[in-house]
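Below is one structure, written out as structure tokens; the observations come after it.
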Amino acid sequence: MVKVRIQFSKDGALRFIGHLDFLRVFGQMLRRAELPVAFSQGFNPHILLSFALPLPLGMVSGNDYADLTLAHQVNLLDAVKVLQTHAPQGLTLHKIWETEGRNTASVTATADYTLAGEIVTDLLASQEYIIPKKTKSGVKDTNIRPDIFDITETKGQITLRLAAGSGRFLNPVTTAKILLNREVSAHEITRAELYARVGEAFIPLDKFTN
Amino acid sequence: MHLSNEALLRVEKPARYVGGEVNAVIKDKNRIRFGFCFPDAYEVGMSHLGLQMLYFFMNRREDTWCERVFMPFLDMQQVMREENIPLYALESGDPIKDLDILGFTLQYEMCYTNVLAMLELGGLALRAADRGEDDPLVCAGGPCATNPEPMADFFDFFYIGDGEATLDEILDMYAKCKARGLSKEDFLEEITWIDGIYVPRFYDVGYKKDGTIDWFYPIIGDIPNGVKRAFVPELTYFPDKFLVPLVEAVHNRVTLELARGCMRGCRFCQAGYIYRPLRERGVDALTAHAENLLSATGHEEVSLLALSACDHSGFGTLVDKLLTITEPARVSLSLPSTRLDAAFFDAIKKTQRVRKSSLTVAPEAGSQRMRDAINKNLTEADILDGCLQAFESGFHKIKLYFMAGLPWEEMDDIRANVQLAEKVVDAYYKLTYEQRTKPVSVSVSTACFVPKAFTPFQWAAQVNPMDFEADQREVKSNIRKKQIVYRYHDAKTAHIEGVLARGDRRLSHAIEHAYRAGAMFDGWSEHFRYDRWLRAFESAGIDPAFYANRERAEDEVLPWDFIDIGVTKAFLLEEYKRAKNSVLTPNCREKCANCGVMAIADGGKCHG
């Protein structure tokens, strides 16, 4: 068994499908490519495949990541090419490498989101920014400021670095609405990169080793 | 098209409306532009084997580009109106008005209003007579095209029979007529001589005082008096790819058509007559198709499609061969609900990955008298033995399918459905205590019988909705065992289906009225409104009982008599009489019943 990490991006019609559909579509691609994927044990075996972070409906991604277990070693440079020929429109495979340790979902700490617009609200000005947030037990006032790590703007292109992962997560659409003080639709946003956190540093997942 | 991303995100599951699926065919536009129109939701249409087959069949032609068109849901219709976007074909995004030919598949009568909705969303006039020379030709095929008359006014032509048979001839003719600059009318005249083609505007109907048909004949010279069903003697074509939807469809799997036609001759079953004779595909070919299609799609399931799959003469071998492909690839092989024959139990023993929970059995009728009337050729002992075997092999839930309202049915027959279910429950208790690992559950489902054209019951009266409901109450009140649950179909939907199934041309007005009053997605119970249809019949001056609830005289001219489906009217009438006396007709393999179909079989072989 070999655990590999796949870096890809998602665009086109694929922005209109949800996470579960994407999981199926990705699995079908692996099957068409006849990659020697490993299966779970049990009555309904499934491909050992997991994604770093579900992408909201409507959004596209720049660098996105998945973990896959293969039954045996293969040439990973060739695998990228083979997968690309069987990929659905809008899915671009970048690279595949062997990995060990924790999976992408558990190491992902932040994400960069980009969109076009003009900053109206200075979210970084203070240490506190309270918004009403829906939770299981009703609406609760929440301070989102600790989940905002950076906001930059160059030539009308805004980049937000927000908490993202199985631990803390800040909704990029909600944040962008406050930042731009207007309605924002998910399709305007690209999730450009995912990072693991090492101390105070954020490492893109393709540079990160456990 | 194209709708903005923002607009698309306002609808549920927008991926239904954007195309871009794996194996979708994109060509340049300088071709015959064909729109395959499925008058129901995307998820339903994409699970339909006929769509997959005809899509790749037409696209194998250099000169033709076949695209898909589905019925948008209400939220999407709203967005299309707001954004001023007419109905478009998924591959190119071009309005359907810009295509050359639109071909609707009519799988079910309750989709008729969706056809009208799609035409209107496409900016086209509903009636063929009101569409111009620049509008596309609009045609229809599928099982409901075997009685085309209720929808005759809306279509330029119908295609009756196997798609692979003469579709090429029609497209060739279209190319020829287009090159010569001929009109739509000229093209339609040319194709009347091709098997399977019916051009309603070239024929007229006269009625007697009692409302029945007096005459039906061509009103222009040099065209045939009737229509012969298009027929392929051998099933050689099968697609090498399937479209793979991005959103989850009803079925996400490779479907193999094992055979067309059926040798059983159940008298209520339209498919059992209109697809005769039984034509099987070879085991080696089927195995190769499964292998190709799994690599082309990446699906995780293979399913076998046939009217009675276990009757395939190589069924056992086929299952063995398919398992050698599916098991190593962790692909599941699903067996269709079928007769509980030895072949079926052999197959489930071999497939380790069949989920042994629920099994569907279709006795269709509870009493032997009724089962004989419909020629089910199944004794109570057969059914109970089958169920016992199913329990022994690990099943603990059995669904029993029945039809309510069969001709000559009495209350005793209705009660017999429950009695049979009780005996099935008892069969479970024949297992030893150790074998009874889970509680048994038997579900009784009753569908309301709808007599269809080209069956022996085409002369029969349908039970009216109140009586269906009385039958349903009777079943309910007779159920005493807690292991039995009861489910039933809506009697009112069945009534409308009954009117449309055996209607004539005069019904087009009622269908249009119903559509204008908002009827759409009538096959979906949450959208169906019975009173809307009753008002539509009233506005059109139609008595629904005349079509649904009246027994026809033997010599009555039926609206579909001009179609030569193969099976003769004399044979169907003979079967109707045998049904009345509960006389069985052996299956085609036991003894040929001389149904007459071989006269159109073009040198083909009957595999019955």
* Structure fact -> Taking the range A:108-121 and keeping only residues that are away from every other protein chain (no Cβ under 14 Å) and under 23 Å from A:S185 (Cβ atoms), one is left with A:T110, A:A111, A:D112, A:Y113, A:T114, A:G117, A:E118, A:I119, A:V120, A:T121
* **Residue selected from the range B:1-49 under the condition within 13 Å of another protein chain (Cβ to nearest Cβ) and among the polar types (S, T, N, Q), by the criterion farthest from B:D100 (Cα to Cα)** => B:N5
* Structure fact -> Picked from the range A:13-27 (must be hydrophobic (A, V, I, L, M, F, W, C) and under 15 Å from the mean Cα position of the chain (by Cα)), the residue nearest to the other protein chains (Cβ to nearest Cβ) is A:I17
* Asked: For the range A:185-205, how many residues are touching a Leu at 6+ places or on another chain (Cβ under 9 Å) and more than 14 Å from every other protein chain (Cβ to nearest Cβ)?
  -> 7
* Qualifying position, being touching a residue at least 24 places away in the same chain (Cβ under 8 Å) and touching a His at 6+ places or on another chain (Cβ under 9 Å), among B:A416, B:A404, B:A421 -> B:A404
* Taking the range B:94-121 on its own, how many of its residues are assigned to a strand (DSSP E or B) and either among the aliphatic types (A, V, I, L, M) or within 21 Å of B:H509 (Cα to Cα) (or both)? -> 4
* Asked: When the range B:276-296 is examined, which residues are found to be touching a residue at least 60 places away in the same chain (Cβ under 8 Å) and either crowded, with 21+ Cβ neighbours inside 10 Å or away from chain A (no Cβ under 14 Å) (or both)?
  -> B:R276, B:P277, B:L278, B:R279, B:E280
* Scope the range B:132-175; condition small (G, A, S), under 29 Å from B:A259 (Cα atoms) and part of a helix (DSSP H, G or I); matching residues -> B:A145, B:G163, B:A165
* Is it the case that some residue within the range B:50-64 is within 14 Å of chain A (Cβ to nearest Cβ), of a type in the set (A, V, I, L, M) and either in contact with a Gly (Cβ under 7 Å, 6 or more places away or on another chain) or surrounded by 21 or more Cβ atoms within 10 Å (Cβ to Cβ) (or both)? -> no
* Can you find even one residue in the range B:341-358 that is polar (S, T, N, Q) and modelled with pLDDT of 85 or more? -> no
* Asked: Name the residues in the range B:18-39 that are surrounded by 23 or more Cβ atoms within 10 Å (Cβ to Cβ) and not hydrophobic (A, V, I, L, M, F, W, C), would you?
  -> B:G35, B:P39
* Any idea which of (1) of a type in the set (G, A, S); (2) crowded, with 21+ Cβ neighbours inside 10 Å; (3) over 30 Å from B:F562 (Cβ atoms) is the one B:A453 doesn't satisfy? -> (3)
* Asked: Which of the following residues is over 24 Å from the mean Cα position of the chain (by Cα) and in contact (Cβ under 8 Å) with a residue 40 or more places away in the chain: B:D28, B:D75?
  -> B:D75
* Applying the selection to the range B:252-275, what residues are part of a loop (DSSP other than H, G, I, E, B) and within 13 Å of chain A (Cβ to nearest Cβ)? -> B:N252, B:R253
* Structure fact -> Result of the Cβ filter at 9 Å on the range B:551-568, keeping first residues that are basic (K, R) and partners that are modelled with pLDDT under 95, at least 6 apart or interchain, is none
* Scan the range B:321-332 and give yes if some residue there is among the acidic types (D, E), modelled with pLDDT under 95 and closer than 17 Å to B:L49 by Cβ, otherwise no. => no
* From the list B:I85, B:I96, which one is hydrophobic (A, V, I, L, M, F, W, C), at pLDDT 95 or above and surrounded by fewer than 24 Cβ atoms within 10 Å (Cβ to Cβ)? -> B:I85
* To do: Answer yes or no as to whether A:T135 is among the hydroxyl-bearing types (S, T, Y) and exposed (fewer than 15 other Cβ atoms within 10 Å of the Cβ).
  => yes
* Residue that is farthest from the other protein chains (Cβ to nearest Cβ), among those in the range A:1-12 that are touching a Phe, Trp or Tyr at 6+ places or on another chain (Cβ under 8 Å) and charged (D, E, K, R) -> A:R5
* Asked: Since A:Q127 meets every condition but one in (1) loosely packed, with under 15 Cβ neighbours inside 10 Å; (2) part of a strand (DSSP E or B), which condition does it not meet?
  -> (2)
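Rundown of residues vs (1) within 21 Å of B:L307 (Cα to Cα); (2) part of a loop (DSSP other than H, G, I, E, B); (3) at pLDDT 95 or above, yes/no style:
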{"residue": "B:G221", "(1), (2), (3)": "no, yes, no"}
{"residue": "B:E234", "(1), (2), (3)": "yes, yes, no"}
{"residue": "B:Y237", "(1), (2), (3)": "yes, yes, yes"}
{"residue": "B:V250", "(1), (2), (3)": "yes, yes, no"}
* Structure fact -> Over the range B:236-249, the set of residues away from chain A (no Cβ under 14 Å) and surrounded by fewer than 19 Cβ atoms within 10 Å (Cβ to Cβ) is B:T236, B:Y237
* Out of B:V319, B:V302, which single residue is within 14 Å of another protein chain (Cβ to nearest Cβ), buried (at least 21 other Cβ atoms within 10 Å of the Cβ), of a type in the set (A, V, I, L, M) and not in a loop (DSSP other than H, G, I, E, B)? -> B:V302
* Asked: Just a yes or no: is a residue in the range B:194-204 surrounded by fewer than 22 Cβ atoms within 10 Å (Cβ to Cβ) and within 20 Å of B:M58 (Cα to Cα)?
  -> yes
* Count - residues of the range B:323-340 that are closer than 30 Å to B:L384 by Cβ, out of contact with any Gly (no Cβ under 7 Å at 6 or more places or on another chain) and more than 14 Å from chain A (Cβ to nearest Cβ) -> 6
* Name the single residue, out of those in the range B:305-316 being surrounded by 18 or more Cβ atoms within 10 Å (Cβ to Cβ) and not hydroxyl-bearing (S, T, Y), that is nearest to the other protein chains (Cβ to nearest Cβ). => B:A309
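The values are calculated or read from the model by the stated rules, or taken from the named source; none is laboratory data. Because the structure is a prediction, the values reported are computed rather than measured. With ideal geometry, Cβ positions are generated from the backbone for all residues, glycine too; neighbour counts draw on all protein chains shown.
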